[in-house]
Amino acid sequence: MNFNFRNHSLLVQLKEETKLFHSNVEKVLIAELKEIATKNAYGNLLLKLHNFYESIEGKLQKEITETILPDIKRRKHVHHLKNDLYLIGYEIKGAENNFASKITNISYALGVLYVIEGSTLGGKIISNLLKRQLNLSDFSEISYFNSYGEATDEMWLNFKQHINTSEELINLDEMILGAKDTFEALRIWLLQN
């Protein structure tokens with residue numbers, strides 16, 4: 001009983017400690033999403049996200065082991081960004097993002113992944129919004145925001161469960177720092193690029 005309570009506390013504390021950071025980046029992203037009326041504007045946002053996450057995802061895949069997250073290999077999203085950019089005919093032009101160099105331990109990496117995986121929940125809402133705004137007939141060009149499709153809730157629950165069962169291997173302070181840093185770095189990236 002105490003074990004489950006402690007695990008529950010880890011996720012509750014993580015959410016509580018990062019709430020302001022989450023809210024700050026959400027405001028920036030929502031403002032940008034509301035302005036998207038053309039595929040070119042949509043491509044601009046996708047490119048920003050691609051250039052932010054590409055090196056991060058590669059580092060996470062190396063840092064987080066299947067011991068902690070058995071389905072880590074399924075938790076890849078950058079290929080969806082590439083697919084969407086390709087389908088709308090938008091050229092991928094790289095930009096240097098050094099944030100991945102901050103990922104130096106598994107707890108910090110899990111904090112970063114917490115932000116990415118949590119964003120898939122909002123992605124369900126965003127994909128419907130973009131489908132309407134861009135007058136799309138299906139979700140093929142917005143696969144990034146719908147990356148798990150019908151399995152989104154299940155993947156989020158699995159992520160939380162794996163975190164819960166690995167609590168003794170996680171430094172909560174490092175995980176919180178990883179999540180805060182990711183939210184803030186993304187907010188700045190969206191504003192500056």
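The values are calculated or read from the model by the stated rules, or taken from the named source; none is laboratory data. Since this is a predicted model, take the numbers as computed values, not measurements. A quick note on method: Cβ atoms are made from the backbone with ideal geometry, for glycine too, and the neighbour counts reach across all protein chains shown. These accessible areas exclude ligands, DNA and RNA; they are computed on the full protein's heavy atoms, side chains included. Shrake-Rupley method; radii C 1.70, N 1.55, O 1.52, S 1.80 Å.
Bins of 10 Å, beginning at zero and ending with the bin holding the largest distance: percent of Cα pairs per bin for the range 2-133, please.
All Cα pairs considered, the percentages come to 10, 36, 36, 14, 3, 0.
Largest first and in whole Å, give the semi-axes of the range 17-73's equivalent ellipsoid, each being the square root of 5 times a Cα gyration tensor eigenvalue.
Ellipsoid semi-axes (Å, largest first): 28, 17, 9.
Expressed as a whole percentage, what fraction of the accessible surface of the range 1-160 belongs to carbon and sulfur atoms when a 1.4 Å probe is rolled over the protein heavy atoms?
54 percent
What lysines sit close enough to LYS93 to cross-link, taking a C-alpha to C-alpha distance under 26 Å and skipping anything fewer than 8 places away on the same chain?
Candidates past the 8-residue exclusion: LYS27, LYS34, LYS39, LYS48, LYS59, LYS62, LYS73, LYS76, LYS82, LYS102, LYS131.
What percentages make up the Cα-Cα pair-distance distribution of the range 131-181 when the bins are 10 Å wide from 0?
In whole percents, the pair-distance histogram is 20, 31, 27, 17, 5.
Can you give the net charge of the other residues whose Cβ lies under 12 Å from the Cβ of MET175, counting K and R as +1 and D and E as -1?
-3
Tell me the per residue accessible area of the chain using a 1.4 Å probe; a whole number in Å² is fine.
52 Å²
How much mean residue ellipticity at 222 nm does the chain get from its helices, if each DSSP H run of length 4 or more adds -39500 (n - 2.57) and you divide by all residues, to the nearest 500 deg cm²/dmol? Each step should come with its number before you reach the end.
Numbers: 6 runs with 131 residues, N = 193.
Taken over the chain, the calculation gives -23500 deg cm²/dmol.
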